[in-house]
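Here's the structure, in structure tokens; my notes come after.
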Amino acid sequence: MTKAFSDLVAARQSFLLTGHERPDGDCLGSQVALYHLLRELEKDVFIINPDPVSGTYSFLQRHTPFGSHDGTHPLPEFEVAVLLDCSQLSRLGDLGAVVRASGADVAVVDHHVGSDAGDGAVCLVDSSAAATGVLVYELYEHYGVPIHEAAAEGIFLSLVADTGWFRYSNADARAFSIAARLVGSGVEASDLYDRIHRQHHVDSVRLLESVLSTHSFKLGGKYGYACLDKAAMAEASRIDFDTDTVLEPLRSVAGVEVVALFKEQSDGGVRMSLRASGDVDVAAIARSFGGGGHVKAAGASLEHPMSRCVEAVEAVVEEALRAVGRPGARA
């Protein structure tokens, strides 16, 4: 797979790097690293995402230029669109149709199960990798290109974002080995943690308290959930609050195996985020609702409106009941 990707890089000059809507640390960090690798290879490269970089990750812009698609400005010319941390153009929102209509080659760099069956004509996919940044790190090794400060920070961000700062079961020896080399090269882990997790808006405490007040547990304490309505989501957007923060307190309760967060979207739909402890495969739950993800972290969009949140919760309860106690694959 690396050869197919490197052959494509050798044959093309201009690259657009992009990823899923509301790009997270893995998506952005891997984009940073690949951007600087392609620049080292003397390629023309741009990063343009469906949404702007959130305040949480704005520090990345001190060394790497990011753009976002607002539908009013044409994209720069590009021969290859590289999708990082996702594999389907539909995950790009309106930007996906623009990329498809461009006629450019589509490549995928991702670590999700099934990503080799996405929209990429060329795929660099390894579902055993803890994060997409692992694959970009290995591209640096393939090319023999030194990893400078910006790229090292991007790869480290990618790793900590998808391993929960090495707390999750996907934090394997491969991830720790890469992290050790990055720290040895100068990455300041504590500084990065402060930039991400210790710059929250003062109102984030009140919002966290409010959302946690909606929580409940079912299945004898094995399944916990909370809900954010439109007002809470608007407040989260205003103060740049990471809604997934709500999941960890629920997940930390003894006996909990599945946690869910139901988030009402501006169009009235509901987005569900799932996390697991133990051997439960939440990706299987998400797939039953047309979503997907990892064994320990997944999500889906639900047909139930938030006004019928109870129905959404009960629908997930049925799937969680099937999943709880059923061993899943290793994360």
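The values are calculated or read from the model by the stated rules, or taken from the named source; none is laboratory data. None of these values were measured; they are calculated from a predicted model. Using ideal geometry, Cβ is built from the backbone for each residue, glycine included, and neighbour counts are taken over all protein chains shown.
Tabulated values for the structure
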{"read-out": "Any hit, the stretch 57-76, residues being without any contact (Cβ under 8 Å) to a residue 60 or more places away in the chain, touching a strand residue (DSSP E or B) at 6+ places or on another chain (Cβ under 6 Å), charged (D, E, K, R) and not assigned by TED's automatic domain parsing to the domain that holds K296", "value": "no"}
{"read-out": "Top-ranked residue of the stretch 98-111 - restricted to ones that are free of Cβ contacts under 8 Å to residues at least 60 places away in the same chain and assigned to a strand (DSSP E or B), ranked as nearest to A298 (Cα to Cα)", "value": "D110"}
{"read-out": "Cross-chain or 6+ apart pairs with Cβ under 7 Å, the stretch 252-264 first and surrounded by fewer than 19 Cβ atoms within 10 Å (Cβ to Cβ), then not polar (S, T, N, Q)", "value": "V253/G224; G255/G221; G255/K222"}
{"read-out": "Checklist (1) in contact with a Phe, Trp or Tyr (Cβ under 7 Å, 6 or more places away or on another chain); (2) not in a helix (DSSP H, G or I) applied to A171, failing item", "value": "(1)"}
{"read-out": "Top-ranked residue in the stretch 112-143 [being aliphatic (A, V, I, L, M) and assigned to a helix (DSSP H, G or I); ranked as surrounded by the most Cβ atoms within 10 Å (Cβ to Cβ)]", "value": "V136"}
{"read-out": "Residues (touching a helix residue (DSSP H, G or I) at 6+ places or on another chain (Cβ under 9 Å), surrounded by 15 or more Cβ atoms within 10 Å (Cβ to Cβ) and in a loop (DSSP other than H, G, I, E, B)) located in the stretch 55-97", "value": "H63, T64, F66, H69, L75, F78, E79, D85, C86, S87, Q88"}
{"read-out": "Among (1) assigned to a helix (DSSP H, G or I); (2) in contact with a helix residue (DSSP H, G or I) (Cβ under 8 Å, 6 or more places away or on another chain); (3) within 20 Å of A297 (Cβ to Cβ) - the single one L192 does not satisfy", "value": "(3)"}
{"read-out": "Matching residues in the stretch 277-288 - criterion: being under 23 Å from A236 (Cβ atoms) and of a type in the set (G, A, S)", "value": "A286"}
